[in-house]
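Q: Below is the structure I would like to discuss, written out as structure tokens.
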Amino acid sequence: MDPVRPWAALVETGWYAPGKDGLRLLRRFIQYAKDAELDEVRMSTLNTTPERALKLLEHMGFTLAERSHRLNL
């Protein structure tokens with residue numbers, strides 16, 4: 001990564017689609033980022049995300065980039 005060049009990412013902040021519509025939406029999301037010549041796509045998952053969804057993201061080339069933690073008050 002070039003420290004001078006800006007890094008542009010498309011980041012989802014909420015995701016729901018019934019059935020296979022979720023996969024179609026994800027593919028369109030990725031294509032939008034490619035068409036816009038962005039550097040990356042970021043998808044977040046919950047700790048309750050089914051294993052098959054995590055495997056699908058991995059199969060599509062996504063890698064774990066960070067973890068999020070929360071504190072309920």
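Q: Which value results when the Cα radius of gyration for the chain is divided by 2.2 N^0.38 Å?
A: 1.25
Q: Okay, moving on. Segment 19-73: which trypsin sites (Lys or Arg not before Pro) are DSSP loop and have at most 12 other beta-carbon atoms within 10 angstrom?
A: Listed in order of number, the matching sites are 20, 67, 70.
Q: Within segment 9-73, report the GluC sites (Glu not before Pro) that DSSP leaves as loop and that have at most 15 other Cβ atoms within 10 Å.
A: The qualifying sites are 12, 37, 66.
Every number in this text was worked out from the coordinates using simple rules, so none of it is lab data. The structure displayed is predicted, hence computed values, not measured ones. Because the Cβ atoms are built from the backbone with ideal geometry, glycine has one as well, and the counts that use them run over all protein chains shown.
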